[in-house]
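These notes concern the structure reproduced below.
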Amino acid sequence: MSTRTISLLARTNRYVTAWKNRNVLATSPALRYYSENSAQKPQQSDSDGSSGQLENAAAEATKKLTQEIEALSKEVNELKEKNEELVDKYKRSLADSENLRTRLTKQIADAKVFGIQSFCKDLLEVADTLGHATEAVPKDQINSSNPHLKSLYEGLVMTKASLLQVFKRHGLEPINPINEKFNPNMHEALFEKDEPDVEPSTVVVVTKLGYKLHERCIRPALVGVSKS
């Protein structure tokens, strides 16, 4: 057998052996599984590493997001408290301003109505003097035989009546509480008097008239009351 023939047979045997090994690998599930797993093992390892990194990054992002949400929630609650405090202060200031405006309006109105109170008190003495003058004139001497006294008396009466009309025009009215129940807001009791036929605490004597300005007593009537 020649050297060339021997070389050809050896090459043929190698081809046959390789073909057989390929067929065995194809027909054997165990060998095929081992071969496939061996080929894919490096890729799966790389995939597991990437997945772990992604999970760690997602956990860190979730943690940061949770912290930011908690910080924002705390800030929102603080802002709500400040807003409620500011709204409460605003409402209180608004109420105080409204109360102040109401008081000022009332004071202005009272000043317009009662601004003449001091002036009226001074004029009351004039009215008292005219009253005393008319009461001091003897009524039995007011006749045609005394024309001067009659004219003087009539002039005093007319002057007093005119003064009372001016008082009434400006809201000033006299208080004559004879036979009325004693009122400490309008009357000032000077003495008590025995009056068996009169109910207790009734005004039986008026020594000096009182006056009120628009329902406000600016001078109480000086009176005597019955005993209880």
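The values are calculated or read from the model by the stated rules, or taken from the named source; none is laboratory data. No experiment lies behind these values; they were computed from the predicted model shown. Cβ placement follows ideal geometry from the backbone for every residue including glycine, while neighbour counts extend to all protein chains displayed.
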Could you say whether any residue in region 204-212 is under 30 Å from Ala111 (Cα atoms), in a strand (DSSP E or B) and free of Cβ contacts under 8 Å to residues at least 60 places away in the same chain? yes
All positions within region 166-198 that are within 19 Å of Ala127 (Cα to Cα) and among the charged types (D, E, K, R): Lys168, Arg169, Glu173
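With loosely packed, with under 15 Cβ neighbours inside 10 Å and among the aromatic types (Phe, Trp, Tyr) as the only criterion, which of Phe191, Phe182, Phe167 stands out? Reasoning before the result, please.
Working: Phe182 fails: loosely packed, with under 15 Cβ neighbours inside 10 Å; Phe167 fails: loosely packed, with under 15 Cβ neighbours inside 10 Å.
From the options Phe191, Phe182, Phe167, the qualifying one is Phe191.
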Every residue from region 109-127 that is loosely packed, with under 14 Cβ neighbours inside 10 Å, more than 41 Å from the chain's Cα centre (by Cα) and among the charged types (D, E, K, R): Asp122, Glu125
Top-ranked residue in region 205-228 [being closer than 18 Å to Gly131 by Cβ and among the β-branched types (Val, Ile, Thr); ranked as surrounded by the most Cβ atoms within 10 Å (Cβ to Cβ)]: Val223
Filtering region 140-154 down to residues that are loosely packed, with under 11 Cβ neighbours inside 10 Å and either among the polar types (S, T, N, Q) or at pLDDT 90 or above (or both) yields Asn143, Ser144, Ser145
